[in-house]
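First up is the structure itself, then whatever we jot down about it.
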Amino acid sequence: MNPAGLATRSNAEYGKPDKLVDMIKQNLIAERIAVEHYRELVRYFGDKDPTTRIMLEKILAQEEEHATDMHDFLVAHEGTPFLKD
Ligand SMILES: [Fe+2]
């Protein structure tokens, strides 16, 4: 649990973007990684632990909303989708 190694244990990449739009792109990628991670967890718990699965499904819905928000910001800025579905 040492925070010094957090970046090396993360599934997401942490760059140093100079522009706001690049920051949003990185955030979108991180949100989509989170979505995939929560989907895997939901599948893992399945019927083995429905209470945990339901909690994770609620978090998944929030992460999907975050990804949609980032995507919508990019579409509004650039006029085209950044990443395909
Ligand atoms: Fe998020």
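The values are calculated or read from the model by the stated rules, or taken from the named source; none is laboratory data. Here the structure is a predicted model, which means the values were calculated and not measured. Note that each Cβ is placed from the backbone with ideal geometry, even for glycine, and that neighbours are counted across all protein chains shown. Surface accessibility is based on the protein's heavy atoms, side chains included, excluding ligands, DNA and RNA. Shrake-Rupley method; radii C 1.70, N 1.55, O 1.52, S 1.80 Å.
Summary of computed values
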quantity	calculated
Positions within the stretch 19-34 being of a type in the set (K, R) and in a helix (DSSP H, G or I), in sequence order	K25, R32
Among residues of the stretch 27-71, those that are closer than 30 Å to P17 by Cα and within 14 Å of the ligand (Cβ to nearest atom), counted	26
Contacts under 9 angstrom Cβ, first residue in the stretch 11-37 being basic (K, R), partner modelled with pLDDT under 90, 6 or more apart	K25/P17; K25/F82; K25/L83; R32/L83
Every residue from the stretch 1-35 that is within 15 Å of P81 (Cα to Cα) and either open to solvent by 40 Å² or more (accessible area, probe 1.4 Å) or touching a Pro at 6+ places or on another chain (Cβ under 7 Å) (or both)	D22, K25, Q26, N27, I29, R32
Selection status of I29, at pLDDT below 95 and under 9 Å from the mean Cα position of the chain (by Cα)	yes
V75 vs. criteria in a helix (DSSP H, G or I) and touching an Asp or Glu at 6+ places or on another chain (Cβ under 9 Å)	no
